[in-house]
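Some notes on the structure that comes next.
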Amino acid sequence: RTYNLFTTDPQNGLVANPLFLVLGLVSKVTTLPLITVFQGARVLFAVTLFLAVKKLIETRISNPKTLWTSLLFIAFSSGIGWLPPFSNLVGFDSPIDRWQPEAITYLSLYLNPLFLASMTLQVLILHHLLESVGSSERSSALKAGGWGFLLALIHGYDIISLGVVWALYLIYQFRTNSKESTAATLKNTLVAGAITLPPALFMYLQLKSNSVFRQRVE
């Protein structure tokens, strides 16, 4: 079990985050310093993120120039917090790029493998969900669910934003596609969701039972 060492408040511990559990085991087996493993993972997941993004974009864009423009935009785009009108704003009153690095790819690349790993998983989930649209096959839905299972355990609240995005996409699909295609897409979504739901509920129970974890999330 893991504990938040930045507080002396009583806590009952959490099941270890799978990502950091693996990084800790890598450090133990290789005897590399934790900071070396941490930064190495940051570089590794930066690579996996852009490979996943490139694969997703290639399913929608065939022009190489547009593809690489899209990748560069994703890599280097940020928010509007650098503009003079926002220079005096602080905290949650300021633009999101001033306080939430995981909302910005560019900032996440500098900071934390957790954010990059969760971004990679989100892109993979969307990629396989898009593959499953209108299909009677369940393989893509199962892959999306598998990645969703990991995401729920690693960075659980990303499931909420991802779910909203996919729900809006489904509304668009339902308005434009045939009934057969719509039914197939809905079944695939339910398959992926059924796999993702158990770990998401498990993390919710941890949130309710651990006050320190709950306060951190809030």
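None of the figures in this text is laboratory data; all of them are computed from the coordinates on show. Just so it is clear, the model here is predicted, and its values are computed rather than measured. Glycine gets a Cβ as well: all are built from the backbone with ideal geometry, and neighbour counts include every protein chain shown.
Overall, the anisotropy analysis places segment 1-129 in the oblate class: the square-rooted eigenvalues a ≥ b ≥ c of its C-alpha gyration tensor yield a/c not less than 1.5, with a/b not exceeding b/c. As a quick test, which of the pairs LYS54/LYS143; LYS143/LYS179; LYS65/LYS187 have an alpha carbon distance above 29 angstrom in this structure? Beyond 29 Å between Cα atoms: LYS65/LYS187. The phi torsions of segment 26-31, fed into the Karplus equation with coefficients 6.51, -1.76 and 1.60 and a -60° offset, translate into couplings of 4, 4, 5, 6, 8, 6 Hz, rounded to whole numbers, with Gly and Pro shown as x.
Hey, rough spin-label estimate for LEU72 and LEU197, points 7 angstrom out along Cα→Cβ, what's it come to in nanometres? It works out to 4.5 nm between the two label points. What you get for the chain, charging only the Cβ of Lys and Arg (+1) and of Asp and Glu (-1), is a dipole of about 320 debye around the Cα centre. In segment 9-81, the C-alpha radius of gyration followed by the widest Cα-Cα span (Dmax) gives 18.0, 56 angstrom.
With θ taken as phi - 60° and the Karplus curve 6.51 cos²θ - 1.76 cosθ + 1.60 applied, the whole-hertz 3J(HN,Hα) list for segment 137-150 is 6, 10, 5, 5, 5, 5, 5, 4, x, x, 5, x, 4, 5 Hz, x standing for glycine and proline.
Evaluated with a Cβ-only charge set (Lys, Arg +1; Asp, Glu -1), segment 1-79 carries a dipole of roughly 260 debye about its Cα centre, given to the nearest 20.
Comparing ASN112, ASN88, ASN177 in a Gaussian network model of the chain, where Cα atoms under 10 Å apart are tied by springs, the biggest mean-square fluctuation is seen for ASN88.
Starting from the Cα gyration tensor of segment 146-218, take the square roots of the eigenvalues, sort them a ≥ b ≥ c, and report rounded, prolate or oblate (rounded when a/c is under 1.5, otherwise prolate if a/b is larger than b/c, else oblate). Taking the square roots of the gyration eigenvalues as a ≥ b ≥ c, segment 146-218 is prolate.
Against the chain, whose longest principal axis comes from its Cα atoms, helix 64-76 is set at around 30 degrees. Here the label points at THR30 and THR7, each 7 Å from Cα along the C-beta direction, are separated by 3.3 nm in the simple model. When both segment 18-43 and segment 57-76 are represented by their alpha-carbon centers, they are found 32 Å apart. Along segment 186-193 the Karplus relation, 6.51 cos²θ - 1.76 cosθ + 1.60 evaluated at θ = phi - 60°, assigns HN-Hα couplings of 5, 4, 5, 5, 5, 5, 4, x Hz to successive residues, with x for each Gly and Pro. Look at the dipole of the chain built from charges on Cβ: of ALA117, PRO33, THR176, the Cα furthest out on the positive end belongs to THR176. The aspartates and glutamates whose alpha-carbon is closer than 17 Å to the alpha-carbon of LYS55, local same-chain residues fewer than 8 away aside, are GLU131. Using the Cβ-Cβ distance between GLU58 and LEU205 with R0 = 45 Å, the FRET efficiency computed as 1/(1 + (r/R0)^6) comes to roughly 0.70. Qualifying chymotrypsin sites (Phe, Trp or Tyr not before Pro) in segment 1-37, where qualification requires a DSSP coil assignment and no more than 14 other C-beta atoms within 10 Å, comprise TYR3, PHE6.
Would segment 53-149 count as rounded, prolate or oblate if I go by the C-alpha gyration tensor, calling it rounded below 1.5 in a/c and otherwise prolate when a/b exceeds b/c, oblate otherwise? It is prolate, given that a/c is not under 1.5 and a/b is the larger ratio.
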